[in-house]
Amino acid sequence: MAHLTIEYSANLGDQADLPALVGALHAAALDTGVVSIDALRTRADACKHYAVGDREPKNTFVAVVVRIGPGRSAAEKHKLLDAVLDALEGSLGPAAANSMLSVECQEIDGEFRLNRNNLRHAIEERTARS
């Protein structure tokens, strides 16, 4: 199980391609090998009320929370965080110059999380047909 939740100031939409940003972060996380394709969910939500730094209208923020199941080493978590941050900064282009960026990893407590993942079977079926 892995979740990438991207929270950003609404004005970022005027400066960056948000669907491309979501795709880039999703791909970067998968490319690390730390998370699996049948467990990764990536989503983005705009914050319409915000204040960033000195309130310059071009200032933006992006805060990414990476939630993963237990069992990854510190090195794997750092690899994942570094890849996501690099993809984030690379996706923003010129907008990165006025942005506050953060990426945080949180481990999900498996004892207190219920999950039914039907996507695994669907992916297996599609792969078998290919």
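The values are calculated or read from the model by the stated rules, or taken from the named source; none is laboratory data. If you're wondering where the values come from, they're calculated on a predicted model, not measured in any experiment. Because the Cβ atoms are built from the backbone with ideal geometry, glycine has one as well, and the counts that use them run over all protein chains shown. SASA here: full protein model, heavy atoms, side chains in, ligands and nucleic acids out. Shrake-Rupley method; radii C 1.70, N 1.55, O 1.52, S 1.80 Å.
Selection over segment 89-130 of residues that are within 19 Å of LYS58 (Cβ to Cβ) and assigned to a loop (DSSP other than H, G, I, E, B) gives a count of 0. Residues to consider are LYS48, LYS79; find the one that is farther than 26 Å from ALA122 by Cα, surrounded by 15 or more Cβ atoms within 10 Å (Cβ to Cβ) and of a type in the set (Lys, Arg). Exactly one residue qualifies, and that residue is LYS79. When you check THR127 against the structure, is it closer than 13 Å to LEU4 by Cα and of a type in the set (S, T, N, Q), yes or no? Judged against the criteria, THR127 is not a match.
Among all residue pairs at least 6 apart or on different chains, which show Cβ distances below 6 Å where the first residue, located in segment 92-118, is surrounded by 13 or more Cβ atoms within 10 Å (Cβ to Cβ) and the second is basic (Lys, Arg)? Taking only residues 6 or more apart or on different chains, the pairs are ASN98/LYS58; CYS105/LYS77; ILE108/ARG67.
So, in segment 17-45, how many residues would count as being out of contact with any Phe, Trp or Tyr (no Cβ under 8 Å at 6 or more places or on another chain) and either crowded, with 19+ Cβ neighbours inside 10 Å or in a strand (DSSP E or B) (or both)? Looking only at that region, the number is 12. Reported count of residues in segment 119-130, each being among the small types (Gly, Ala, Ser) and open to solvent by 90 Å² or more (accessible area, probe 1.4 Å), is 1.
For segment 57-76, check the following and say yes or no: at least one residue is closer than 20 Å to SER9 by Cβ, open to solvent by 90 Å² or more (accessible area, probe 1.4 Å) and touching a residue at least 40 places away in the same chain (Cβ under 8 Å). Checked against the condition, which is being closer than 20 Å to SER9 by Cβ, open to solvent by 90 Å² or more (accessible area, probe 1.4 Å) and touching a residue at least 40 places away in the same chain (Cβ under 8 Å), segment 57-76 yields at least one hit. Among the numbered conditions (1) open to solvent by less than 70 Å² (accessible area, probe 1.4 Å); (2) more than 27 Å from GLU111 (Cβ to Cβ); (3) part of a helix (DSSP H, G or I), the only one that ASP86 does not meet is (1). Scan segment 1-16 for residues that are under 15 Å from the mean Cα position of the chain (by Cα) and assigned to a loop (DSSP other than H, G, I, E, B) and the total you get is 1.
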